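Visitor: Before I ask anything, let me first share the structure, which is written out below as structure tokens.
The values are calculated or read from the model by the stated rules, or taken from the named source; none is laboratory data. Fair warning: this is a prediction, and the values are worked out from it, not measured in the lab. Note that each Cβ is placed from the backbone with ideal geometry, even for glycine, and that neighbours are counted across all protein chains shown.
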Amino acid sequence: MKVVMFTPGLKASAIGRMTTLVVHALRAAGNDVTVVRSEQDALMSKDAHDFGGEVLQWSNLAAVGAAVAAADSVVYQVGDNYEFHIGCLEWLERAPGIVCLHDFFLGHLFWAWAHHHPARADTVLKSWYGEAVASTYFRHPNSDAFIAATAEAAPMTEWIGGMALGVITHSNWGAERLCRACPGPIHVVPLPYNAPAGSDATSQGNSRNFHVLTIGHVNPNKRVDSVIRAIGNSPMLRDHTIYRLVGHIKTDTVVSLSGLARNYQVNVLISDELDNAALVNAIDQADVVTCLRWPSLEAASASAIEAMLYGKPVIVTDVHFYSELPDDCVLKIDPHNEIESLQNALEQLYQSPELRRQLGARAQQWAQATFRADHYAECVTNMAKDVSRARPALVAIDRLTQTLGRWGAGTDLLSASHTADPLRLFTTGGNPRN
Amino acid sequence: MKIALVSSFVPFLYGGARNIVEWLQTMLEKEGHQVERIYLPEIDAPDLLFEQMIAFRWIDLSAADRVICFRPQAHLIRHPHKILWFIHHLRVFYDLWDSPYRGCEDDLRHRGLRDALHQADTAALKEARHVFTNSQVVSDRLKHFNGIDSEVLYPPVFDADRFHTRGMSDEIVYVCRLEHHKRQHLLVEAMAHTTTPVRLRLCGSSSGTTYPDTLREQIVRLGLQERVLMENRWITEEEKVDYLADCLAAAYLPLDEDSYGYPSVEASHARKALLTTTDSGGVLELVRDGDNGFVAEPTPQALAQAMDKLYLDRGRTAAMGERALARLDELNISWSHVLKRLLA
Amino acid sequence: MKVLIVNNMAPFVWGGAEELAVHLQKNVIEAGHEAEILRIPFQWEPASRIPSQMLMVRAFELWNVDHVIALKFPAYLIRHPKKTLWLLHQYRQAYDLFDVGQTNLPPGAAGEELRTVIRNADNESFAESRKIFTNSEVTRQRLQRYNGFDAEVLLPPINDTELFGGGSVGDYIFAGGRINDMKRQYLLLDALAQAPRNVKLLIAGPPDSPADGERLRAAVERLGLSDRVRLDLRFLPRATYAEYLNGAAAVAYLPFDEDSLGYVTMEAALAGKALITTSDSGGILGLVKHDETGWVAEPTAAALAPVLADACGNAQRAAARGAAARSLWLSLDINWPHTVEKLLR
């Protein structure tokens, strides 16, 4: 089948990397794939992943319109980042398709979109979450407060779910909301990912030091400060651990973490972003990788999967996606007793190279069998077949909605009961007598 | 009662599809009902289909006590008392999907559209209080594709009393549009194989194709100018009544048509035997071989044999003509029956 | 050419617009074309349905049609590359009737949104039309005022001109047309009571309601005019109507502020009958010129009484004014062949 795949293309996007695997798998299975890059025009000059084949930019309306009209299936890779996924939002309504949802919490995506579409955003908030939520949604003082207030009450999962013909997502914990919002099928499929440098463990770190690694943007939810405290609380760890941070980090975070490390007498190495080769080297050198999240907003963690594919022992927070990982493949820590739990886990791993070796091996074996692109591609094409029936009516309704928009309708005039009821025939099969 | 008759139409294309609606309107008005006729434009293009169907769903005919829907996709209309006199599906999405007529790619997108159409049609059909069709062929298709049970309600001709018999000449008439799928050429070919002086008259208009020229050439090539008369023009109602009144028998042998065709019913009212073929489709619901006519294999030789039989055994031909009229009653082909069933 | 006339339909309701469409079809065919009428069911209650009705018309696909003539909202939203409008009606409840509070559009933001949608859709259709005609000056002005589009007034011609051959000057004034308060037939009765005994009056036409007919009957009785007034209050067969008109001394038509010339006035002028109307009758004054084609009086019984006397008392004058009325009517060139030619240009 002909697939049009919307995805961020720039190298900085882990989702983009995942998509290259899926696109190659789809092609290997005999499908024709056109990739449409969904990031802001301004980001198009950044280094991009290699998708092979035809790549369009979402803002090329004519070419994308033609591709979408001729497609058997349109797929959107959606994550909680407006700059990276703006193209998905622009096309999702006029070219209904399948959404591959990477984050259940989409508050940042929604918030940025809302600034360009205030009236529509208000309608969306009110219809999914009610007046009370809508009235306070934009009034939170900072990012942490915003996440805290809205992660449960208004995660915006329903907003995207309601626009999709069907959703593929990567763990179960947020799927309930999708089932309620999306008229089509919801499937949970393991997120495909890869270990580009191969999975052969080279050195086992023959230095006496204990290398702990955290990869990715250094945000508070990665719990870096907790790791520092946990190491600092343990004399054995404190004396032997080098804790390395690889990933984008803000200057004031460098300052605060450095201060914390000094207080706790922990050896912290801050690397900022590294190129591929250097990153692979850092992973190779690591004895343990920490993939902590609190709060956890994502459907799955590419970095945790990557670490497992490299055969590394991984420490995760026992929540959401991570709880679904097998107990014998990762070490899970209790978020409500975080530092003590972390300290125990790190000490365990420090004291037993054998434990590290076994955990890593089991993780690698399990990850290789689970996070597969060919399986994911098959799920995409199966869902495409399922939803192909829903598409014609939805495309027609979308065209009518666009006409109303052109005529200046501000609200959803198609939802008035006299107007909407006759259309149920196309979605639910209508009533025997009306 | 206030009755709305709804059908899809193409402006300026007339014929069978409109006759059934307009004749029904006249008969209903004769019975004292108030009738409103609604014709809605429709094109079968796949990418435009669903928007048009949505448009049909928004039509409000609540002022009517009852709504009767005919050609597709008129059956999408909403009404608490919806009756369907279902003439045909959008066949390229149904039984003609695997044929050269499909007109779109057989890819996932269009198969999805086809399946969505089947679903929508089925749901709309289920809304009806009663589903009638114009032939068993169509009823079978409704059952097979949509799981819907229906009652065959044969369409009568208008003002059937004008048809009568006046005698039997040597001439078999085929009063019908001159078109390839009506297969006048098969009869001309058959004439070359006849052994009796039986004659053939082909009369009807053509829609600007080269078919009539092909027929003319064929007649000349086979040396049949003396025995085959061709009138390529619109035949008036009066002329048709006359031709049927005087003819030996009437032919109607289209290739696999759903419905029996008005010509066969008109000939039956004129008490004339019918000539058709085994692959003509719905007309076989009317014609029984040896009873009210002959059903021949679709070969020139078999048709020639049947034509000679009609010529030679006139007694039998006349008797079959009487049976043709009686058969109309057997199948309830009458306006009184139609009104009774539609207004039940 | 294949000409499709597109109009609304209110199921089981048949009115002036439907009549006009039928006559238009007949005359388009007479001009040598093929013509069909597409009648689109339109439901405007409740107002929240209107968007769906508009989208419905906009979604229709036409083929095998060379030219479209559309008459009303939302019928004229239909898409076709060669579309001419003969505007009988916009959706006035979004425009002038909205301004005077006579509308089914809801108050507040919801109503405003509907008005916006209607106006934008209208403007889009007007812009994509080849040419816009209206059936009256009032409609033309409204279109200009509310939508900013220019249009040409194209008055609907008389449908069966052959019936109005006129005749000699009779001894009665004929008042035709629908019977209701706005048409003010009662004013003629009041005037007749003040006019000389020889003045006779024939009022014939369908009352809008039984009460309208009763009012006239009661007035005739009250004023003691039964020997001088004949009332034939029903829907008249065309031939009967023509007979009454052709045999009159003069024809009176004095509605309050009517949009157009008025069919009664047009038919009377064609028949060469002198015309009587009042100064506030609006469009009627287009045909009635005081002392030329008839009489224009103040809308009072006292002012009308001498007019009625004059019309009935002076056959020569009545004939002369009747002839002038006919001349004026013919000079306006309002006939079907001309109308069809303009619509299909």
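Visitor: Can you report the number of residues in the range B:316-340 which are over 17 Å from B:Gly290 (Cβ atoms), assigned to a helix (DSSP H, G or I) and out of contact with any His (no Cβ under 8 Å at 6 or more places or on another chain)?
Guide: 7
Visitor: Another question about this same structure. Could we say that A:Val55 is of a type in the set (A, V, I, L, M) and crowded, with 24+ Cβ neighbours inside 10 Å here?
Guide: The answer is no for A:Val55.
Visitor: Going by what's in this entry, would B:Thr277 be described as surrounded by fewer than 16 Cβ atoms within 10 Å (Cβ to Cβ) and among the hydroxyl-bearing types (Ser, Thr, Tyr)?
Guide: no
Visitor: Of the residues C:Asn159, C:Asn135, only one is within 21 Å of C:Leu20 (Cα to Cα), in contact with a strand residue (DSSP E or B) (Cβ under 7 Å, 6 or more places away or on another chain) and of a type in the set (S, T, N, Q); which?
Guide: Of the residues listed, the single one that is within 21 Å of C:Leu20 (Cα to Cα), in contact with a strand residue (DSSP E or B) (Cβ under 7 Å, 6 or more places away or on another chain) and of a type in the set (S, T, N, Q) is C:Asn135.
Visitor: Name, by its number, the condition in (1) touching a Ser or Thr at 6+ places or on another chain (Cβ under 8 Å); (2) over 29 Å from A:Gly174 (Cβ atoms) that does not hold for A:Arg293.
Guide: If we test A:Arg293 against (1) touching a Ser or Thr at 6+ places or on another chain (Cβ under 8 Å); (2) over 29 Å from A:Gly174 (Cβ atoms), just (2) comes out false.
Visitor: Let me ask something else. Report, by residue number, each residue of the range C:148-194 that is touching a Lys or Arg at 6+ places or on another chain (Cβ under 7 Å), crowded, with 17+ Cβ neighbours inside 10 Å and over 17 Å from C:Ile276 (Cα atoms).
Guide: C:Ala151, C:Leu154, C:Leu163
Visitor: For the condition within 8 Å of chain B (Cβ to nearest Cβ), free of Cβ contacts under 8 Å to residues at least 40 places away in the same chain and in a helix (DSSP H, G or I), what is the one hit in A:Leu414, A:Leu423?
Guide: None of the other options fit; the residue is A:Leu423.
Visitor: Which helices (runs of 4 or more DSSP H) does the range B:77-191 wholly contain that include 3 or more residues that are surrounded by 16 or more Cβ atoms within 10 Å (Cβ to Cβ), out of contact with any Gly (no Cβ under 6 Å at 6 or more places or on another chain) and among the aliphatic types (A, V, I, L, M)?
Guide: In the range B:77-191, B:108-126, B:184-191 are the helices (runs of 4 or more DSSP H) which contain 3 or more residues that are surrounded by 16 or more Cβ atoms within 10 Å (Cβ to Cβ), out of contact with any Gly (no Cβ under 6 Å at 6 or more places or on another chain) and among the aliphatic types (A, V, I, L, M).
Visitor: Now for a different question. Please give the strands (runs of 3 or more DSSP E) falling wholly within the range A:205-318 in which 1 or more residues are over 30 Å from A:Phe146 (Cα atoms), touching a Leu at 6+ places or on another chain (Cβ under 8 Å) and not aromatic (Phe, Trp, Tyr).
Guide: A:210-215, A:241-246, A:267-270, A:288-291
Each row is one residue, and each column tells you yes or no for (1) outside the structural domain of A:Ala71 (by TED's automatic domain parsing); (2) modelled with pLDDT under 95; (3) not in a helix (DSSP H, G or I).
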| site | (1), (2), (3) |
| --- | --- |
| A:Glu338 | yes, no, no |
| A:Glu347 | yes, no, no |
| A:Arg362 | yes, no, no |
| A:Thr381 | no, no, no |
| A:Pro432 | yes, yes, yes |
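Visitor: I'm checking my understanding of the structure. Among residues of the range B:55-76 that are under 22 Å from B:Phe145 (Cβ atoms) and assigned to a helix (DSSP H, G or I), which one is nearest to the other protein chains (Cβ to nearest Cβ)?
Guide: B:Arg57
Visitor: May I ask you to say which residue of A:Tyr310, A:Tyr243 is in the same structural domain as A:Leu349 (by TED's automatic domain parsing), closer than 26 Å to A:Ala195 by Cβ and more than 21 Å from the chain's Cα centre (by Cα)?
Guide: A:Tyr243
Visitor: For the range B:87-117, name all the residues that are in contact with a Phe, Trp or Tyr (Cβ under 7 Å, 6 or more places away or on another chain) and more than 23 Å from A:Arg424 (Cβ to Cβ).
Guide: Across the range B:87-117, the qualifying residues are B:Ile87, B:Val92, B:Tyr94.
Visitor: Let me ask something additional. For the range C:12-44, which positions are modelled with pLDDT of 95 or more and either part of a strand (DSSP E or B) or under 27 Å from C:Pro106 (Cβ atoms) (or both)?
Guide: Within the range C:12-44, C:Glu34, C:Ala35, C:Glu36, C:Ile37, C:Leu38, C:Arg39, C:Ile40, C:Pro41, C:Phe42, C:Gln43, C:Trp44 meet the criteria.
Visitor: Quick check on this structure: which one of A:Pro313, A:Pro326 is in contact with a Gly (Cβ under 8 Å, 6 or more places away or on another chain) and within 26 Å of A:Val189 (Cβ to Cβ)?
Guide: Result: A:Pro313 is the single residue among A:Pro313, A:Pro326 that is in contact with a Gly (Cβ under 8 Å, 6 or more places away or on another chain) and within 26 Å of A:Val189 (Cβ to Cβ).
Visitor: Then there's this: Inspect all residues belonging to the range B:27-43 and state whether any of them is crowded, with 23+ Cβ neighbours inside 10 Å and farther than 12 Å from C:Pro41 by Cα.
Guide: Taking every residue of the range B:27-43 in turn, at least one turns out to be crowded, with 23+ Cβ neighbours inside 10 Å and farther than 12 Å from C:Pro41 by Cα.
Visitor: If you check every pair at least six apart or on different chains, which have Cβ atoms under 7 Å apart with a residue in the range C:43-62 that is more than 10 Å from chain B (Cβ to nearest Cβ) and surrounded by fewer than 23 Cβ atoms within 10 Å (Cβ to Cβ) first and a residue that is at pLDDT below 95 and in a loop (DSSP other than H, G, I, E, B) second?
Guide: So the pair list comes out as C:Ser48/A:Ala416.
Visitor: How many residues, within the range A:375-384, are farther than 18 Å from A:Met163 by Cβ, touching a residue at least 24 places away in the same chain (Cβ under 8 Å) and within 12 Å of chain B (Cβ to nearest Cβ)?
Guide: Residues flagged as farther than 18 Å from A:Met163 by Cβ, touching a residue at least 24 places away in the same chain (Cβ under 8 Å) and within 12 Å of chain B (Cβ to nearest Cβ) within the range A:375-384 amount to 1.
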